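Beneath this line is the structure, given in structure tokens, with notes to follow.
The values are calculated or read from the model by the stated rules, or taken from the named source; none is laboratory data. These numbers come from a predicted model, not from an experiment. As a convention, Cβ positions derive from the backbone with ideal geometry for all residues, glycine included, and neighbour counts pool all protein chains shown. Just the protein is used for accessible areas: all its heavy atoms, side chains included, with ligands, DNA and RNA removed. Shrake-Rupley method; radii C 1.70, N 1.55, O 1.52, S 1.80 Å.
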Amino acid sequence: MTNTAILAASGLLLLAYALEHLGRHFRLPSVVLLIVVGLIARQVLDAFGLHYHWVDPIVPVIGTLGLILIVLEGALDLSVTRERAGLIVTAAAASLAGFLASLGAFAAMFRFLLSFGLDVAILAAIPFAVISSAVAIPAAAGLADKPREFIVYESSLSDILGVLVFYAWVSGEGSFGEFTSDLLGGGAFSLIAALAAGLALFYFINQIVGHVRFLPLLAGLVFLYAIGKALHMSPLIVVLVCGLIINNPQLVTWHEKLRGIKNDSYEQTLHEFKGLVAELTFAMKSFFFLLLGYWTDVRTMLSVRAWLVAIAGIAFILASRWVILVVLRQRGLRQLIWIAPRGLITVLLFLSARDTGKLDDFPFGAVMLVVLATAALTALAHRAAAHPVPAASGAPEAAPPPAETSTTPT
């Protein structure tokens, strides 16, 4: 049994690495390849009478760890300066507008198409309203700097907003008054906790010496995330703020008394920390999407209701995103319009929503169809970045692709 588990884990990682390079070569999203391979593996193993029930409880755990690492890795790649203030505000506006538009559309669809009550329709709609940073951030790697940073900020903020709204809605149990109170109180408390955690992490990363330095810091970050989730906060704010502070020490060392915290080897330490986070992110993301594919029952994806929900939802996601990007006059429209995937965070939130017992009649196949389709559409962004088309008169100009589009696996 032990040797089998070791073989399976190492084999899955090697397979994921091969799929990552295959997807990069043919400009296909690795997320879709991983899920499809998992789906095929399920059919093959079922044919031989092999069923691995341990996958059910482990998928949400691996997904949560992957989400933490992906947001942290994205934050570690962002620079916060006065020059980027406008970009951050624009990304926040796009995130909020896209979330509210999708939430309203999906809730209305579930209300009338599936005959859900308003509170249940909103509960089911929230996971579909969130842009998944797990898929969006890697998909934006080939874009120019500003569109790429826009996607990182937008998707990370969308994750945070989605988690905050979801748990506030669950806690409010359909009461808008309690929902508003939990949302505002949880958001404010999350931000204060995030600033404190970010300063502490920055201090310790400068003080810890020895061979084991980074794993205790990551363990502490995961510990804070778990506490925040238990308290119905938005713990992704903690992850995002910690990453931003670590990668932007000027946010801490602006005061003369705080400059002594940063040691001379900080840049080298930061480089090593980023490398470890990238490796762990790749492993967690690969395991999650492979196991998610295996865990999914293909029969749920053949439902007519699932297809109706998926087609209508995807059409609205793309249409509303185009409108929002045009209104905000965001550069790189032809690439950015396709980068609105639903993925890891959508699955995790929907699983939590299903645990409430209110979504037993929901066609789960719609979730996987939306995740697969929107993730596959991100491949169009890569192709558009490689072969840009001149922008039409009056339309936002597409940002030119960078000279080098090679990226490390995430």
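Structure values in brief
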| read-out | value |
| --- | --- |
| The range 131-181, subset under 17 Å from the mean Cα position of the chain (by Cα) and acidic (D, E), residue nearest to I62 (Cα to Cα) | D159 |
| Filter result for K229 (under 19 Å from the mean Cα position of the chain (by Cα), in contact (Cβ under 8 Å) with a residue 40 or more places away in the chain and surrounded by fewer than 17 Cβ atoms within 10 Å (Cβ to Cβ)) | yes |
| Scope the range 113-172; condition under 18 Å from A93 (Cα atoms) and of a type in the set (G, A, S); matching residues | A129, S132, S133, A136, S155, S156, S158, G162 |
| Residue identified as outside any loop (DSSP other than H, G, I, E, B) and within 30 Å of V209 (Cα to Cα) among F273, F316, F288 | F273 |
| Unmet criterion (only one of (1) part of a loop (DSSP other than H, G, I, E, B); (2) within 20 Å of L344 (Cα to Cα); (3) not β-branched (V, I, T)) for E154 | (1) |
| Single condition A94 does not satisfy, out of (1) at pLDDT 80 or above; (2) surrounded by fewer than 16 Cβ atoms within 10 Å (Cβ to Cβ); (3) among the small types (G, A, S) | (2) |
| Test for L218: is it in contact (Cβ under 8 Å) with a residue 24 or more places away in the chain, open to solvent by 60 Å² or more (accessible area, probe 1.4 Å), of a type in the set (A, V, I, L, M, F, W, C) and assigned to a helix (DSSP H, G or I) | no |
| Qualifying residue in the range 378-389 (condition: open to solvent by 10 Å² or more (accessible area, probe 1.4 Å) and modelled with pLDDT of 85 or more) | no |
| Residue within the range 398-409 that is more than 30 Å from G86 (Cβ to Cβ), touching a Phe, Trp or Tyr at 6+ places or on another chain (Cβ under 7 Å) and at pLDDT below 65 present | yes |
| Any hit, the range 232-251, residues being over 20 Å from the mean Cα position of the chain (by Cα), surrounded by fewer than 20 Cβ atoms within 10 Å (Cβ to Cβ), not in a helix (DSSP H, G or I) and not polar (S, T, N, Q) | no |
| Boolean, F223 is in a helix (DSSP H, G or I) and under 22 Å from the mean Cα position of the chain (by Cα) | yes |
| Whichever residue in the range 129-138 is in a helix (DSSP H, G or I) and open to solvent by 10 Å² or more (accessible area, probe 1.4 Å) and, among such residues, is modelled with the lowest pLDDT | P138 |
| Evaluation of L359 against (1) of a type in the set (A, V, I, L, M, F, W, C); (2) at pLDDT 90 or above; (3) assigned to a loop (DSSP other than H, G, I, E, B) (one fails), failing number | (2) |
| Selection count, the range 59-83, where residues are part of a helix (DSSP H, G or I) and open to solvent by 10 Å² or more (accessible area, probe 1.4 Å) | 9 |
